Amino acid sequence: MQAVILVGGEGTRLRPLTSNVPKPVVPLVDRPFIAYMLEWLVSHGVDDVIMSCGFLATAVRDVLGDGSGYGIRLRFVEEPDPRGTAGALKYAEDLLDERFLMLNGDVLTDLDLSAQIAQHERTGAVGTLGLVPVDDPSAYGLVRILGDGAVREFVEKPSADQIDTNMISAGAYVLERSILDMVPADQNVSIEREIWPRLVGNGLYGFEHEAYWMDIGTPDRYLQGTFDILDGKVRTAVQQRLGDGFLAVADGATITGRVVPPALVEAGVDIGHGATVGPLVVLAEGVQVGEGSTIETSVVHADARIGRHCVLRGCIVAAGAVIGDNTQITDGAVLGEGVRIGADNVVTRGARVFPGVEIPDGGLKF
Ligand code: GDD
Ligand code: MG
């Protein structure tokens, strides 16, 4: 089975994590984000993947290579200019089979694609949209379906008065190649705004199924996705590392302080005397945590250094950041790569510090 993954967006809402790393390769728990999608696809029989790229495509290719590490054939297609979700598909036309999957590359899910494909075959659909319920459909594509699963209406980014169901498109589709005939070449075309509405009544179906689903496009949802992986709320390969104790500590981590599960601690990590790490924490390779510091509900990427008596709660610290003693990073704050925060600072309430910024000792309080 073949799959096309759209990864052309810039990931602006996840900045500064995506300031110098494209979203597909931003680390999530212990692997690049897009690895979850590849592993999920492989588990449903996909062996041929086309990445439809835009922004920083080379960086994605450098991390994923030719796909042999995942047991798949992996090819990259780069549009000369952003073509939109349908335009990007059209641009990959020459590589596409008679039937294929199309995925938005920014979601974490364990949706049952095999069952979705089976329904697609049963109904003889041209396109079958995976559907999931969300609390607020306004940021998504709202889908109204009939009893037999046929789509009655598709409304991209519905306004408040248009919302009468919580079912949205999960960004996971089974498609017949004939759909390409509906997309003009060499243009920017949105599959959500221009193709789905025209397919309503002409072979567009929805597939409803219980599943975990999360668009990880913002820091809050990135953290929530991390916690859900650590908690085993979404089926991923990380569960094997965490085991029944919901705890993975790699060989070569030095822990003088204490680790409270669920947590994942990689090799080369050093947790100082009296420090507490967890619950719901990821410390990537080489992270140093100073004496007496507390880290909860947070993610710290590779080689970051946390001083003594710091508090990190509900935050994301990118690779190589350095945090001085007695500093607090809390409440959705995100520190970009290589940021340096001096001692006695408070960084909180969703503050985003961009790569390379330096804040002196005591320079920031809320
Ligand atoms: N190659 C390429 N070219 N990829 C693109 C382009 C493009 O021009 N534009 C967007 N993408 C990719 C993004 O990187 C993302 O993975 C996916 O297509 C969807 O685009 P988003 O910008 O993330 O759309 P959205 O989240 O607002 O809405 C979409 O996803 C929802 C589910 O998360 C829609 O498909 C909604 O209908 C859906 O509910
Ligand atoms: Mg999205």
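Think of a 1.4 Å ball rolled over the protein heavy atoms: the chain then has 40 Å² of accessible area per residue. Express the relative contact order of segment 126-275 as a whole percentage, based on alpha carbon pairs under 8 Å and six or more residues apart in sequence. About 21 percent, as a whole number.
Note that the chain carries a Kirkwood radius of 21.5 Å, evaluated over its alpha carbons pair by pair.
Between the C-alpha center of segment 175-232 and that of segment 9-77 there is a gap of 17 Å.
Surface composition of segment 220-359: carbon plus sulfur atoms hold 45% of the accessible area, using a 1.4 angstrom probe and ignoring ligands, DNA and RNA.
Across all directions, the average flat footprint of the convex hull enclosing the Cα atoms of segment 220-359 is 7.0 nm².
The portion of the accessible surface of segment 2-211 made up by carbon and sulfur, rounded to a whole percent, is 45 (1.4 Å probe; DNA, RNA and ligands excluded). Within the chain, the longest run free of trypsin sites (Lys or Arg not before Pro) that sit in a DSSP loop with at most 11 other Cβ atoms within 10 Å is 1-348. Between SER190 and ALA237, the modelled labels are 3.5 nm apart [label points 7 Å from Cα along Cα→Cβ].
Can you flag which of LYS23/LYS90; LYS233/LYS365; LYS157/LYS365; LYS23/LYS233 are past 27 Å Cα-Cα? In this structure, LYS233/LYS365; LYS157/LYS365 exceed 27 Å between Cα atoms. Looking at the chain only, what percent of DSSP beta bridges run antiparallel? Nearest 5 please. Percentage antiparallel, nearest 5: 30. Starting from a Cα-only point model with no solvent, please compute log10 I(q)/I(0) by Debye for segment 12-135 at q = 0.19 1/Å. At q = 0.19 Å⁻¹ the computed log10 ratios are -1.27.
The values are calculated or read from the model by the stated rules, or taken from the named source; none is laboratory data. Because the structure is a prediction, the values reported are computed rather than measured. Neighbour counts run over all protein chains shown; Cβ positions are idealised from the backbone, glycine included. Accessible surface is based on the protein model in full, side chains and every heavy atom, while ligands, DNA and RNA are left aside. Shrake-Rupley method; radii C 1.70, N 1.55, O 1.52, S 1.80 Å.
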